[in-house]
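What follows is one structure encoded as structure tokens, with my remarks underneath.
The values are calculated or read from the model by the stated rules, or taken from the named source; none is laboratory data. Quick caveat: nothing in here was measured; it's all calculated off a predicted structure. Counting neighbours? That spans all protein chains shown, and the Cβs are built from the backbone with ideal geometry, glycine included.
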Amino acid sequence: MGNDVPTAPSYVRLLNLLAAVRKITPFTHLEADEEQLLNALALIWHEPRNVTVADVMREATDVSRSTIYRRLLGLKRKGLVEFKDDRADRRLKFVLPTTLADEYIARLSACIDDLQVEARS
């Protein structure tokens, strides 16, 4: 059956590039659920708005709020996010990307750019 179905070279290349990014330290320690949350945060950070811990917990409907908070803490321990207190209301904590998160997003973006160049060739 595997030989009857043509492979999608761009898709396979993307999977290989993503695997290569994941093998780079410190991304090797990133769990799948943390990566999924980091990707969701990247979408939010792309919008011109601040996001709080409460926002992230509220927007994640597939798992409990405590699970999301534990994942956020995992990303924080791994140096991918940081929390910043709101100046006006100390109860609010904003979730911000770190330089390491920016690097992760940039590497994934480069993978996609490589695929686009390859597809045009």
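Residues in region 30-61 that are within 13 Å of the chain's Cα centre (by Cα), part of a loop (DSSP other than H, G, I, E, B) and farther than 17 Å from SER109 by Cβ: how many?
Qualifying residue count, region 30-61: 1.
Checking LEU92 against (1) modelled with pLDDT under 95; (2) within 17 Å of the chain's Cα centre (by Cα), which test does it fail?
(2)
Look through region 8-29, keep the residues that are touching a residue at least 60 places away in the same chain (Cβ under 8 Å) and outside any helix (DSSP H, G or I), and return whichever of them is nearest to ARG71 (Cα to Cα).
Restricting to residues being touching a residue at least 60 places away in the same chain (Cβ under 8 Å) and outside any helix (DSSP H, G or I), the top hit is PRO26.
Considering only region 76-102, state which residues are over 12 Å from LEU41 (Cβ atoms), outside any strand (DSSP E or B) and touching a residue at least 24 places away in the same chain (Cβ under 8 Å).
Hits for region 76-102 are LYS78, GLY79, ASP86, LEU92, LEU100.
What about ALA101, is it among the small types (Gly, Ala, Ser), at pLDDT 90 or above and under 12 Å from the mean Cα position of the chain (by Cα)?
yes
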